[in-house]
Amino acid sequence: MQREPATPFHVRPAASADLDAVAALRAALWPEASVAAHRAEAAATIAGTPASTLPLVILVAEASGRIAGFAEVGLRSHADGCDPRRPVGYLEGWFVEPDQRRRGIGRALVAAAEDWARGQGCREMASDTWADNAPSQRAHAALGFAEVDRCVTYRKALW
């Protein structure tokens, strides 16, 4: 598929004025939670008080006066396939509105996430996606991510 002509956009850290747009984009990526729950999580992250004990930031891409995509990036103490002696930048979530794709917005969001991770002292970046999400796998590969593992995760309640 050919890339669309460039549309001006700007990538920046999310601000409280972006909460409604970020919550809607998060809900599109992770529909198992409500927009209200996404709004509360995003508000805490933007305020610098995420549920995580490690740093976490939301970056947004603004195009034509609206938020066209976001990337949520944090630090993790370890990630599969990465040097276990150092923290790693982790692309927790990444989404671009369907009508804004193929314009370089996703690539710019990931580049900004990588810059943020470098600023935190990271030498590696990690991410994940579902095994059946072929478009996401292709997007990760196109941005230089190398697949390091495939697994099935299990859970069992003990109460």
Take every Cα pair under 8 Å in region 9-142 that's 6+ residues apart, average their separations, divide by the length, and report that relative contact order as a whole percent. 21 percent
Normalised Cα Rg of region 46-123, dividing by 2.2 N^0.38 Å with N its residue count, works out at 1.17
How long are the semi-axes of the ellipsoid equivalent to the chain, from square roots of 5 times the Cα gyration tensor eigenvalues, in whole Å, largest first? 24, 20, 17
Arranged from highest to lowest average of other beta-carbon atoms within 10 Å per residue, in what order do the peptides 32-38, 17-23 appear? 17-23, 32-38
Taking every DSSP bridge whose two residues both lie in the chain, the antiparallel percent to the nearest 5 is 90 percent
Grab the Cα-Cα distance for Asp99 and Ser77, subtract it from 0.36 nm times how many residues apart they are, and report the gain in nm with one decimal. 4.4 nm
Inter-label distance, nm, simple model (7 Å from Cα along the C-beta direction), Ser16/Asp128: 3.3 nm
Ranked from highest to lowest mean number of other Cβ atoms within 10 Å per residue, what is the order of the peptides 112-122, 60-70, 142-152? 60-70, 112-122, 142-152
Sum -39500 (n - 2.57) across every DSSP H segment of at least 4 residues in the chain, then divide by the residue count to get the 222 nm mean residue ellipticity, nearest 500. -9000 deg cm²/dmol
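Computed from the coordinates by the stated procedures, all read-outs in this text should not be read as laboratory data. Just so we're clear, the structure is a prediction, and the values are computed from it rather than from any experiment. Quick reminder, even Gly has a Cβ in these numbers, built from the backbone with ideal geometry, and neighbours come from all protein chains shown.
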